[in-house]
Amino acid sequence: MSWIVPVPLLSLLTARQLEQMVCGMPEICCEVLKKVVRYREVDEQHALVQWFWQTLEEFSNEERVLFMRFVSGRSRLPANTADISQRFQVMKVDRVSGATQTDRQLSSLTAAVRLTDGRLIRSSLLTLSVPPQPYDSLPTSQTCFFQLRLPPYSSQAVMAERLRYAINNCRSIDMDNYMLSRNVDNAEGSDTDY
C-alpha cells in the first residue's frame, strides 16, 4: 500500500474516510442518483419516472445496494459525485421487442429498380410494425451502460414488486464468478471437457 499512498499521509485519514475514498459510500443516496440521471424515451414528469423514484426511496439501503448491483454491477457509489464516470440512465422500453419508442416507428424496406430506359422505380417490399407493450413485465438493465430499462406498469405497487423481484433474483452479473468457480472445480479435466 505504501507504493500507492505514502504511509505518513494515511495518518491524516480515519479508517472510515479511507474506506469511503477507496470503496465508495456504503449508503446509496437517491439524491446522488437524481443528480446524475439521464432519461431516455421518457421525461422526469412521466408517471413511470415518478413511481420509480418513489419506489427507490422506499427501498431499504440493502435493497438499494441490490439495485445498484442490478444496474451497474457495483454495490456502492463513489464518495464524490464528480467521480461517477457514467450518467445513470432510465429508459422506457417496449418489452415485446426490446425497442424504444423511437424504434417503434414503422419501418419499410425499399428496393430500387432501374429500367432499361434509365428510369428509376422504387418499390416498398415490406412494412413492419412492433406490437404494443404488455404491461407489468420485469425491468432489465445493462450494467456496462449504468442503464435501467423500464416497461410500462399499471401501478407503482406493481413496479415496486417487479423491481424487487429483479434485484433479488436476476443476478446474471454474478455469472462470471459462477464460471470461475466451475472452472476451478473442473480443473482436473482436459480442455475438451468444456
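The values are calculated or read from the model by the stated rules, or taken from the named source; none is laboratory data. Every value quoted in this text rests on a predicted model; they were computed, and no experiment measured them. Every residue, glycine among them, receives a Cβ derived from its backbone with ideal geometry; neighbour counts consider all protein chains shown. Remember, those area values only see protein heavy atoms, side chains included, never the ligands or the DNA or RNA. Shrake-Rupley method; radii C 1.70, N 1.55, O 1.52, S 1.80 Å.
Values as computed for the structure displayed
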item: Accessible-area ranking of E27, E41, E57, largest first, probe 1.4 Å; result: E27, E57, E41
item: Pairwise label distance in nanometres, A79 with A157, each label 7 Å out on the Cα-Cβ vector; result: 4.3 nm
item: For L77, distant residues with modelled amide H under 5 Å away; result: M25
